[in-house]
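Working notes, structure below.
Just so it is clear, none of the values below were taken in a lab; they were calculated from the coordinates. Quantities reported herein were computed from a predicted structural model and do not represent experimental measurements.
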Amino acid sequence: MNFPLDFIPNREAKPRTIGQTMVIDKGLTCVEAEGMAQDAGDFIDYAKLGFGTGLVTKNIERKIAIYKEANITPYFGGTLFELFVIRNQFDEYQKFISKYGITMCEVSDGSMYMPKEDKLRYIKELKKNFNVISEVGSKDASVEIPTDKWIELIKAELEAGSQKVITEARESGTIGIYKKDGSANTELIDTIIANFDINKIMWEAPHKPQQAMFIKMLGANVNLGNIATNEVIALEALRMGFRGDTFFQFLPDNLKQK
């Protein structure tokens, strides 16, 4: 804070246990990553090297070091995990992430079909040596997962050892917990909230209206993911009530205008 303004929500300093922000790095250069880490690193908890970019990014060791130096946890996106698994190279996947000093991994089945039992087995195996997060939801818009199935999968993955479960939305924000037009699947979201500790859920929310919705619904300290690297400070302002969408959110009633 550059000025101690009154009536703002409390935000934990890093390492945070609530109100975490996960950015999706879709191919930043090391110079860009360094700039983001320097100017916005206090607001970033995780940097996901999206899709399979970890396989083609040059100077990846340097980028990972940049994030670690800023106390940001870097990890490879779940699609990279799936790229290895579908080729029957799970052992090689573990060696690959270990080679780069990655301590957290994402287990997903958004691009490929994976039996529930296999996914849970991967979570249990990986948690022996890594911090594991998992993702529920398909990247294929034609795949519809009933609400009760979402609850069943999230519960099973948390019990298997996933520290957090990410709710799929892709970087487009038009799938999973959202409808094709980007609006919220409120029935699904409300049911997830009713059944789980929300601190165990990471809501993918790439667009401002989606971020504002969760902040209004669950407060400044909601976990939000798939944030664009150039939107980190804008999101923090949204969390604190410094943008029009959340301007009145944290003010006492006597200061709120009708």
* Structure fact -> For the chain, longest principal axis from Cα atoms; helix 208-218 axis from its Cα atoms; angle between them, nearest 10 degrees, is 80
* Structure fact -> Quick shape summary for segment 116-233, equivalent ellipsoid via Cα gyration tensor, semi-axes whole Å in descending order, reads 23, 16, 14
* Asked: So which lysines pass the test for residue 68, namely a Cα distance under 16 Å, with those fewer than 8 places away in the same chain ruled out?
  -> 14, 48, 99
* Asked: Hey, what angle do you get for helix 60-69 against the long axis of the chain, alpha-carbon based, 0 to 90 degrees rounded to 10?
  -> 40
* **Relative contact order computed over the chain (Cα-Cα under 8 Å; 6+ residues apart), in percent** => 19
* Structure fact -> Expected max-MSF residue from 154, 44, 102 in the GNM of the chain (alpha carbon, under 10 Å) is 102
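For segment 1-136, what percent of Cα pairs sit more than 26 Å apart?
Across segment 1-136, Cα pairs with separations above 26 Å total 28 percent.
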* Inter-part distance where segment 128-197 and segment 3-77 are each reduced to a Cα centre, Å -> 22
* So what is the calculated 222 nm ellipticity per residue for the chain, using -39500 (n - 2.57) for each DSSP H run with n of 4 or more, over all residues, to the nearest 500 deg cm²/dmol? -> -11000 deg cm²/dmol
* Asked: What is the projected area of the convex hull of the Cα atoms of the chain, averaged over all directions, in nm²?
  -> 14.2
* Asked: Is there a pair in 63/119; 119/200; 179/216; 139/200 whose C-alpha atoms are over 25 Å apart, and which pairs would that be?
  -> 63/119
* ³J(HN,Hα), Karplus 6.51/-1.76/1.60, whole Hz, each residue of segment 125-133, x for Gly, Pro -> 5, 5, 5, 5, 10, 9, 7, 10, 10
